[in-house]
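Chemist: After the structure tokens below, expect a handful of questions from me.
Only the coordinates and a few stated rules stand behind these numbers; no lab work does. Values in this document were obtained by computation on a predicted structure and should not be read as measured data. Virtual Cβ from ideal backbone geometry, glycine too; neighbours counted across all protein chains shown.
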Amino acid sequence: PGEEKLFMAILDTARFEDVPEPPRGASALDLWLEGSALFRDRNYRGAIGPYAKALELEKKERKLERNYWYALIDNLGMAYGISGNLKDAKATFEYGISQDPQYPLFHYNMACTYAELNDKVNAMEQLTKAFELRANAIPGEKMPDPRKDDSFARFMKDPEFSALAERLAKSAQ
């Protein structure tokens, strides 16, 4: 009986989660690196935990270098989207846009999210905005070609959308 009480006390302190807790004191950069390693290995679902925790820390106090912060938002949103969680993908890109509305890839990825939600009007609006802002991309970062993006495949037979995608892709060359 005495051991059972001790066992129950220990069990009460245990936490069971899908995502392991980062080491105490893990920085946003540590979590970003962990998430990025998983993301590079195409373990998108696994990358969500560290990326989401890094974003929580960044919301409290921004410490990541700007380009890492951009990658955090982009990769977390894409990881949610690829994993089928379009609600959280959209919320992530909305947050990114609220913090830096001039960064084009947030708008591009929001366009992808709208396309996955089968919302052509908003996808076109965000895609147009992304290409209008392309000069604000990180140096060396190229705008993706929407004609080749799987997210937009459903709309490529639509004359209005395909004309827009063609025009935008040519404008970025």
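Chemist: In nanometres, what is the gap between the two model label sites at Ala37 and Thr128, each 7 Å from Cα along Cα-to-Cβ?
Modeler: 4.4 nm
Chemist: Would you mind telling me which residue in Pro144, Pro104, Pro159 has the biggest mean-square fluctuation in a Gaussian network model of the chain, where springs connect alpha carbons within a distance under 10 angstrom?
Modeler: Residue with maximal mean-square fluctuation among Pro144, Pro104, Pro159: Pro159.
Chemist: Give me the extension gain from Ala135 to Ala91: residue separation times 0.36 nm, minus the current Cα-Cα distance, reported in nm with one decimal.
Modeler: Once the chain is fully extended between Ala135 and Ala91, it gains 13.4 nm.
Chemist: Turning to a different aspect of this structure: Would you calculate the separation in nanometres between label points at Asn67 and Asp150, each defined as 7 Å from the Cα along the Cα-to-beta-carbon direction?
Modeler: Distance between label points: 2.7 nm.
Chemist: Another question, then. Among Tyr108, Gly84, Gly96, flag the residue with its Cα farthest along the positive direction of the charge dipole of segment 36-117, charges on Cβ as +1 for Lys/Arg and -1 for Asp/Glu.
Modeler: Gly84
Chemist: If you line up the long axis of helix 28-40 against the longest principal axis of the chain, both from Cα atoms, how many degrees apart are they, to the nearest 10?
Modeler: It works out to around 60 degrees.
Chemist: Would you compute, for the Cα atoms of segment 101-173, the largest minus smallest coordinate along each principal axis and list the three values in descending order, in whole Å?
Modeler: So the extents along the principal axes, rounded to whole Å, are 32, 22, 17.
Chemist: Report the FRET efficiency, 1/(1 + (r/R0)^6), for Lys142 and Ala26, where r is their Cβ-Cβ distance and R0 is 22 Å, rounded to 0.05.
Modeler: Working: r = 32 Å, r/R0 = 1.47.
According to the calculation, E is roughly 0.10.
Chemist: Still on this structure: Rounding to the nearest 20 debye, state how big the charge dipole of the chain is about its Cα centre with +1 on each Lys and Arg Cβ and -1 on each Asp and Glu Cβ. Don't skip to the end; give the middle numbers.
Modeler: On the way: 24 positive and 28 negative charges, 105 e Å.
It comes to approximately 500 debye.
Chemist: Oh, and also: Give me the Kirkwood hydrodynamic radius of the chain, using the inverse of the mean 1/r over all pairs of distinct Cα atoms, in Å to one decimal. Can you show the working numbers first?
Modeler: Working: mean 1/r = 0.0568 Å⁻¹.
With all distinct Cα pairs of the chain included, I get 17.6 Å.
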